[in-house]
Amino acid sequence: MKKLKVVVCKANKGVSAHLPELDGYVIARDTVEKLKKDLKEGVQFHIEGLYEEEKQEWMNSDYIFEYKFKDIPTLVEAYNGFINQSSLARIVGINEGQMRQYASGVKHPTKKTLKRIEDGVKQYAGELQSVAFDYA
């Protein structure tokens with residue numbers, strides 16, 4: 001199964017995304033939630049409109065999306081209701097004031113800090129996946 005990278009970023013009052021492996025395809029919506037909802041159908045429509053010689057082998061099989069966020073505000077907005085600036089700061093061990101500045105776009109984290117945030121979120125997600133109840 002092909003994994004397609006979806007690069008998501010802020011766009012005016014909403015968000016936009018492009019897929020590097022799907023030349024010419026761009027989608028913009030008010031929220032990341034709406035973008036994710038419409039993405040599969042939009043990609044399929046785009047592929048159907050391609051000439052046969054433009055189609056690649058993966059386009060005839062199943063694929064999944066891997067979301068790559070260009071900035072912290074888009075990440076926070078994408079998971080609004082599940083994660084906020086304060087909880088993200090606690091999860092990754094960054095000062096809440098600093099995270100608020102990242103989330104509002106006032107300051108931009110370094111690549112090293114972005115990696116720390118990414119690793120922290122993935123570690124937290126792994127911990128959540130390991131949650132289980134003893135039904136005995």
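The values are calculated or read from the model by the stated rules, or taken from the named source; none is laboratory data. All of these numbers come straight from a predicted model, not from anything done at the bench. Cβ sites come from the backbone with ideal geometry, for glycine too, and all protein chains shown count toward neighbours.
Say we look at region 7-30 and pick out the residues that are loosely packed, with under 14 Cβ neighbours inside 10 Å and under 20 Å from Gly81 (Cα atoms); which of these is farthest from the chain's Cα centre (by Cα)?
Lys13
Which of the residues that make up region 77-136 are acidic (Asp, Glu) and surrounded by 16 or more Cβ atoms within 10 Å (Cβ to Cβ)?
Looking only at region 77-136, we keep the residues that are acidic (Asp, Glu), and these are 77, 96, 118-119, 127, 134.
If the condition is that a residue be acidic (Asp, Glu) and surrounded by 16 or more Cβ atoms within 10 Å (Cβ to Cβ), then Glu77 is the only one that fits.
Of all residues in region 67-124, which are touching a residue at least 60 places away in the same chain (Cβ under 8 Å) and either polar (S, T, N, Q) or outside any helix (DSSP H, G or I) (or both)? Step through it out loud before you land on a result.
Going residue by residue through region 67-124, those that are touching a residue at least 60 places away in the same chain (Cβ under 8 Å) are 67-71, 73-74, 77-78, 105.
Across region 67-124, the qualifying residues are Tyr67, Lys68, Phe69, Lys70, Asp71, Thr74, Gly105.
Please specify each residue of region 42-63 satisfying the condition of being exposed (fewer than 10 other Cβ atoms within 10 Å of the Cβ), within 24 Å of the chain's Cα centre (by Cα) and not polar (S, T, N, Q).
If the condition is that a residue be exposed (fewer than 10 other Cβ atoms within 10 Å of the Cβ), within 24 Å of the chain's Cα centre (by Cα) and not polar (S, T, N, Q), then Asp62 is the only one that fits.
In region 31-44, how many residues are of a type in the set (Val, Ile, Thr) and more than 19 Å from Asn80 (Cα to Cα)?
Within region 31-44, the first condition is being of a type in the set (Val, Ile, Thr), and the residues that meet it are 31-32, 43.
Retained after the next criterion (residues that are more than 19 Å from Asn80 (Cα to Cα)): 43.
Looking only at that region, the number is 1.
Can you say whether Phe82 is at pLDDT 95 or above and either more than 18 Å from the chain's Cα centre (by Cα) or not aliphatic (A, V, I, L, M) (or both), as far as the supplied structure shows?
Values: at pLDDT 95 or above: no; either more than 18 Å from the chain's Cα centre (by Cα) or not aliphatic (A, V, I, L, M) (or both): yes.
So Phe82 fails the test.
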